[in-house]
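Data block below; observations after.
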Amino acid sequence: MKDLIGLSREELQDELAALGEKPFRVKQLWGWLYNKGERDFSKMSSLSKDMQKKLAEHYFVGRPVIETERNSADKTRKWLLKFDDGKQVEAVYIPEEDRGAVCISTQVGCAMGCKFCHTGTQKLQRNLTAGEIVGQFMVARDSYGEWPTPTNETRFLSNIVVMGMGEPLQNYDNLIKALKILTDGDGLAISKRRITVSTSGIADKIPSLATDAGVKLAISLHAPNDEIRNQIMPINKKYPLATLIQACKEYQARIPHRQYITMEYVMIKGVNDSVENAKELIQLVKGLEVKFNLIPFNPWDGCAFEPSSNNAIHRFSKVLEDAYFAAPIRASRGQDIMAACGQLKSAYLKEKK
C-alpha cells in the first residue's frame, strides 16, 4: 500500500495511468486529497465506483499520528507527531488576532548543534519525506476543521513557517517538493508570500530557494560577527557571515517580487545583546533589504545561557530602529505547553522512560 500524500502531480498521474485511469482524474483526486482533505476513497463522489475500489486496494491517504496535543492559555496549540517508523517531530500553531501560522519540521532531530537550541540536543536521525512535511500542515487543518480549503480572507491557518525541528535546506529536494504541494492552487493553496523558510545558513542553497520555490526567507542569524557566531552556531565555520550575506544578496536578486529577508536574532544575556552588537548588525546587512525579529531566549534545562533583560532587548531594538530597520520583539508564546522547538518531544521521552 502506497501513501498518496506527498506524491507530486506527475507522480500521481503515473500511478493513475498504471490503474488505467485518464489524466483528467489527477485534478479530481488532487482536489479530494488537498482541497477537501478527504481520506476515505468511498466518499470521493466524483470518482467512479470502480476507481474508488482500485484506489482502496493499492493506496491510502496518510497522516502523522498525534502522539500528544497541548493547548496553551494564549491559544497556541502544539502537536507531537509520530510517523510510520515511530520517529517523532513537533508542529505548532501560533495564533495572531484573526489568523496565524503553522510551524512545521523537516527533519527528525538536527545536525546543526546550535548551542541555544533544544533540538540541537537531539541527534539527526533522518530527513522527512515530502508527504511527512505536508502531513504536518494537514494535521493542523484536521484539528481546526479547515476543510475544504477556505479562501485567504477566511482561513484561520493562513501562514506556514518552516522553522521547526531540523535544517530545511539540508533536506532540500523533499522541501521543494512539499512546498509545491502546499502552494498548489487546486489544493492547499497557501500563497508563496505566506510561507517562510528559515535556515541556519546553508549558503549554497539559499539563492536556489528563490527560483525553485519563490517563498520568503528567514535567516537564523543570532550574531553580528564571526567570532560570536562561531561560538554558538557551528555552521558558521563552514559558511561564515560574508558568504551567508552574499548568498542573501543573490536570493534577493532572483526572487520574482520585492522581498525582505527576516533576520532572526535570539537575545542571549552577555553574548550578543550589547549596543555595540546592534551597531555591528547594521553594518553587516548593508546592501540587503531586511527586517529583524528579536527573540527573547527561552531557557531550557541543561543550557547555560540566560535571556537578555527586557531593558537590554528594548535598547537593542531602538538602535536598529533608529537606523530605519524594523526590529520588533517577538512575544513568547506557548511557554506553558513547552512550545519552544524540541522541548515537548524531550519531555515526552523523559516521561515515557
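The values are calculated or read from the model by the stated rules, or taken from the named source; none is laboratory data. All figures in this text were calculated on a predicted structure; none of them were measured in a lab. Note that we place each Cβ from the backbone using ideal geometry, even for glycine, and neighbour counts take in every protein chain shown.
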In segment 307-332, residues that are among the aromatic types (Phe, Trp, Tyr), surrounded by 15 or more Cβ atoms within 10 Å (Cβ to Cβ) and not in a helix (DSSP H, G or I) total 1
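Looking at LYS22, LYS75, can you tell me which residue is in contact with a strand residue (DSSP E or B) (Cβ under 6 Å, 6 or more places away or on another chain) and part of a loop (DSSP other than H, G, I, E, B)?
When all the criteria are applied, what remains is LYS75.
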Selection over segment 4-39 where residues are charged (D, E, K, R) and either assigned by TED's automatic domain parsing to the domain that holds ARG141 or in contact with a Leu (Cβ under 6 Å, 6 or more places away or on another chain) (or both) yields a count of 1
For VAL108, the lone unmet condition from (1) surrounded by 21 or more Cβ atoms within 10 Å (Cβ to Cβ); (2) under 19 Å from ILE295 (Cα atoms) is (2)
Verdict on ILE235 being at pLDDT 95 or above, of a type outside the set (Gly, Ala, Ser) and touching a strand residue (DSSP E or B) at 6+ places or on another chain (Cβ under 8 Å)
no
Within segment 45-93, restricting to residues that are closer than 26 Å to PHE156 by Cβ and more than 21 Å from the chain's Cα centre (by Cα), the one that is modelled with the highest pLDDT is VAL61
Of the residues in segment 86-126, those that are touching a Ser or Thr at 6+ places or on another chain (Cβ under 7 Å) and under 27 Å from LEU12 (Cα atoms) number 2
Checked MET112, MET138, MET165 against criteria (in the same structural domain as LEU81 (by TED's automatic domain parsing), under 24 Å from GLY31 (Cβ atoms) and either out of contact with any Leu (no Cβ under 6 Å at 6 or more places or on another chain) or in a strand (DSSP E or B) (or both)); the one match is MET138
Taking segment 249-280 and the residues there that are of a type in the set (Asp, Glu) and touching a residue at least 12 places away in the same chain (Cβ under 8 Å), the one that is surrounded by the most Cβ atoms within 10 Å (Cβ to Cβ) would be ASP273
Of the residues in segment 7-33 that are surrounded by fewer than 18 Cβ atoms within 10 Å (Cβ to Cβ), among the basic types (Lys, Arg) and touching a residue at least 12 places away in the same chain (Cβ under 8 Å), the one that is farthest from ASP173 (Cα to Cα) is LYS27
Listed by first then second residue, the pairs whose first member lies in segment 283-307 and is closer than 18 Å to PHE116 by Cα and free of Cβ contacts under 8 Å to residues at least 12 places away in the same chain, whose partner is in a strand (DSSP E or B) and not aliphatic (A, V, I, L, M), with beta carbons under 9 Å and at least 6 positions apart or on separate chains, are PRO299/PRO307
Per the list (1) under 26 Å from GLY185 (Cβ atoms); (2) more than 19 Å from the chain's Cα centre (by Cα), residue check on GLY100 breaks on (2)
*Being loosely packed, with under 15 Cβ neighbours inside 10 Å, in contact (Cβ under 8 Å) with a residue 12 or more places away in the chain and within 29 Å of ASP173 (Cβ to Cβ), is that true of even one residue in segment 214-224?*
no
Within segment 168-195, restricting to residues that are polar (S, T, N, Q) and in contact with a Leu (Cβ under 7 Å, 6 or more places away or on another chain), the one that is farthest from ALA130 (Cα to Cα) is ASN171
Taking segment 253-287 and keeping only residues that are of a type in the set (A, V, I, L, M) and more than 18 Å from ASP322 (Cβ to Cβ), one is left with ALA253, ILE255, ILE261, VAL266, ILE268, VAL271
inquiry  = Just to be sure before I move on: is ILE133 assigned to a helix (DSSP H, G or I), over 20 Å from HIS118 (Cβ atoms), in contact with a Leu (Cβ under 8 Å, 6 or more places away or on another chain) and of a type in the set (A, V, I, L, M, F, W, C) in the structure I sent?
reply    = yes
Restricting segment 34-79 to residues that are among the small types (Gly, Ala, Ser) and over 14 Å from VAL139 (Cβ atoms), the one surrounded by the most Cβ atoms within 10 Å (Cβ to Cβ) turns out to be SER72
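Report whether or not GLY86 is in contact with a Pro (Cβ under 6 Å, 6 or more places away or on another chain), surrounded by fewer than 17 Cβ atoms within 10 Å (Cβ to Cβ), assigned to a loop (DSSP other than H, G, I, E, B) and not polar (S, T, N, Q). Outline the logic, then answer.
Working: in contact with a Pro (Cβ under 6 Å, 6 or more places away or on another chain): no; surrounded by fewer than 17 Cβ atoms within 10 Å (Cβ to Cβ): yes; assigned to a loop (DSSP other than H, G, I, E, B): yes; not polar (S, T, N, Q): yes.
No: the conditions fail for GLY86.
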Those residues of segment 269-305 that are within 23 Å of the chain's Cα centre (by Cα) and not in a loop (DSSP other than H, G, I, E, B) come to a total of 7
